[in-house]
Amino acid sequence: MPNTDPIAALAEVDPKKISDDEFVALLSAASDLADSGAEVDLSALEPQKFARLVSRASKGQIEAVMVRPELRVKVLDEVFRRMGAHFRADRAGSASAVVHWRITRPEPDTYDRYEMVVDSGECTVNKDNTGEPRVSVTVTPLDFLKLVTGNGSAPVLFMTGKLKIKGDLGFAAGLMNLFDVPKA
């Protein structure tokens, strides 16, 4: 990995050519730089490059990142932060819904929780989970990242039991259509 800027390296790296440890080290370096107050913009990683990163990474590489709490939270926070930018109000029409996302953690029966609110043509996300959900979605971090980067199919994940839905299944079936999902 000749590039010393971890964000630029993330944008260009081919995960198939590095080990799980090198993949985690690259993401850790980006995270550490951001935490140190250095001028590092984790949002500078373009959605298509992130989608490519996920599509090329092995299950082991993604899981190695997502078992580290500080990295998992940064990745999930960034994905959820971008949802508003990828939301397609023209596709939502007059839809109004609260969606609770539960992303599993390695510890049994524990989750990273996010609440997505679709209302008045806007999509906002928070971690409070205060609204009554129209839909609750439970998924592993690996399958969530595949889903939001266009590298996984919601119907296939649902049919194989990897995506669990509670509530309005009809709304849930069209949920991903409300977003421009970046593709690799």
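The values are calculated or read from the model by the stated rules, or taken from the named source; none is laboratory data. Keep in mind that what you see is a predicted model, and the values were worked out from it rather than measured. Neighbour counts are summed over all protein chains in view; Cβ atoms, including those assigned to glycine, are modelled from backbone coordinates with ideal geometry. Side chains included, ligands, DNA and RNA excluded: accessible areas come from the protein's heavy atoms. Shrake-Rupley method; radii C 1.70, N 1.55, O 1.52, S 1.80 Å.
Rolling a 1.4 angstrom probe over the chain with all protein chains present gives an accessible area of which 52% lies on carbon and sulfur atoms.
On full extension, the segment bounded by ASN126 and ALA95 gains 9.3 nm, given 0.36 nm per residue less the C-alpha separation.
Relative to its Kirkwood radius, the Cα radius of gyration of the range 62-125 gives an Rg/Rh of 1.07.
Taking other residues whose beta carbon is less than 15 angstrom from the beta carbon of GLY84, and scoring Lys, Arg as +1 and Asp, Glu as -1, yields -2. With all protein chains kept in place, the per residue accessible area of the chain amounts to 52 square angstrom at a probe of 1.4 angstrom.
Considered as an equivalent ellipsoid built on the Cα gyration tensor, the chain has semi-axes of 28, 17, 16 Å, the largest given first. To the nearest 10 degrees, how steep is helix 69-86 against the longest Cα principal axis of the chain, on a 0 to 90 scale? Helix 69-86 sits at roughly 50 degrees to that axis. Rg and Dmax of the range 115-184, based on Cα coordinates, read 12.2, 34 Å. Could you run the Debye sum over the Cα atoms of the range 19-122, one equal point scatterer each and no solvent, and tell me log10 of I(q)/I(0) at q = 0.11, 0.15, 0.16, 0.21 Å⁻¹, two decimals? Rounded to two decimals, the profile gives -0.43, -0.77, -0.86, -1.22. Nearest 10 degrees, 0 to 90: what angle lies between the long axis of helix 20-35 and the longest principal axis of the chain (Cα atoms)? For 20-35 against the chain, the angle is about 80 degrees.
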